[in-house]
Amino acid sequence: MNQDDMKKAVAKAAFDYVKEMITDGIIIGVGTGSTANYFIDELAAVKNDIGGTVASSEESATRLRAVGIEVMDLNAAGPVAVYVDGADESNQQLHLIKGGGAALTREKIIAAVAEEFVCIADESKLVDVLGKFPLPVEVIPMARSHVARAIVKLGGDPVWREGCVTDNGNQIIDVHNLQIMEPRKLENALNQIVGVVCNGLFAERAADRLFLGTSSGVETHLPRN
Ligand code: 5RP
């Protein structure tokens with residue numbers, strides 16, 4: 001199985017899992033990225049059986065609508081039963097780094113609202129210590145340099161993702177060379193910097209379940225203590 005096959009396999013596993021939850025009017029949260037896109041392809045099969053979806057990016061919303069799935073404003077939607085999304089890294093506690101696709105803020109909002117957060121990823125994403133993948137931080141444009149200086153004080157190497165404008169009209173700083181031993185602590189420290197909108201550490205709200213694609217099949221991981 002190559003990486004793409006693993007992404008398809010975990011999307012199918014998540015779809016089979018979500019299918020069992022379907023009740024009249026259920027709202028499903030849908031993430032962003034190549035793995036989430038495969039989940040959207042699967043979800044099309046039940047488009048008439050669900051109440052609708054909320055999407056973590058304009059890109060996913062467009063993709064959902066293209067296959068005939070209703071996309072709702074989160075403010076108008078009812079409770080979100082489950083949120084399915086990919087990740088850039090996960091540790092064994094299912095703390096994640098997300099935001100490689102610059103959708104971290106809306107992803108974190110839907111993850112916070114959802115009753116259950118299901119992560120789907122291929123085996124390259126599972127790590128012992130988070131931080132090899134540069135940690136995305138969404139910033140208000142005028143605060144970018146201020147935030148970058150504060151990140152240096154926290155021990156990271158900030159790099160502006162030039163040309164990237166988020167769906168919220170903001171910019172992204174990718175923080176390199178971190179070894180994140182205490183994900184919750186760093187997540188909260190970054191949130192204290194004025195000008196930070198959101199950071200891509202999902203530790204306060206970790207995933208509840210990870211479907212991990214491996215060469216020998218899909219593994220189910222629950223958070224380890
Ligand atoms: C987007 C994300 C994605 O979930 C993450 O980048 C993984 O993407 P892919 O499934 O393409 O590997 O956080 O902001």
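For the range 104-113: of the residues being open to solvent by 10 Å² or more (accessible area, probe 1.4 Å) and out of contact with any Lys or Arg (no Cβ under 8 Å at 6 or more places or on another chain), which is farthest from Trp160 (Cα to Cα)? If we take residues in the range 104-113 being open to solvent by 10 Å² or more (accessible area, probe 1.4 Å) and out of contact with any Lys or Arg (no Cβ under 8 Å at 6 or more places or on another chain), then Val113 is farthest from Trp160 (Cα to Cα). Residue-level check: of (1) closer than 17 Å to Glu89 by Cβ; (2) open to solvent by 70 Å² or more (accessible area, probe 1.4 Å), Ile140 misses just (1).
Identify, please: which residue in the range 114-131 is open to solvent by 10 Å² or more (accessible area, probe 1.4 Å) and charged (D, E, K, R) and is, among those, nearest to the ligand (Cβ to nearest atom)? Here the answer is Lys125.
Scanning the range 138-153 for residues that are touching a helix residue (DSSP H, G or I) at 6+ places or on another chain (Cβ under 6 Å) and either at pLDDT below 95 or of a type in the set (A, V, I, L, M) (or both) gives a single hit, Val139. Quick check on Lys153: is it without any contact (Cβ under 8 Å) to a residue 24 or more places away in the chain, exposed (fewer than 12 other Cβ atoms within 10 Å of the Cβ) and farther than 28 Å from Glu59 by Cβ? Criteria met by Lys153.
One line per residue, one yes/no per condition, for (1) in a strand (DSSP E or B); (2) under 19 Å from the mean Cα position of the chain (by Cα):
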site: Ala148; (1), (2): no, no
site: Val165; (1), (2): no, yes
site: Val175; (1), (2): yes, yes
site: Arg184; (1), (2): no, yes
site: Cys198; (1), (2): yes, yes
site: Ala207; (1), (2): no, yes
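The set of residues in the range 87-107 being within 10 Å of the ligand (Cβ to nearest atom) and touching an Asp or Glu at 6+ places or on another chain (Cβ under 9 Å) consists of Leu96, Ile97, Lys98, Gly99, Gly100, Gly101, Ala102, Ala103, Leu104, Thr105, Arg106, Glu107.
The values are calculated or read from the model by the stated rules, or taken from the named source; none is laboratory data. Everything numeric in this text was worked out from a predicted model, so none of it was measured. We place every Cβ from the backbone using ideal geometry, glycine too, and count neighbours over all the protein chains shown. Surface areas here come from the heavy atoms of the whole protein model, side chains and all, with no ligands, DNA or RNA. Shrake-Rupley method; radii C 1.70, N 1.55, O 1.52, S 1.80 Å.
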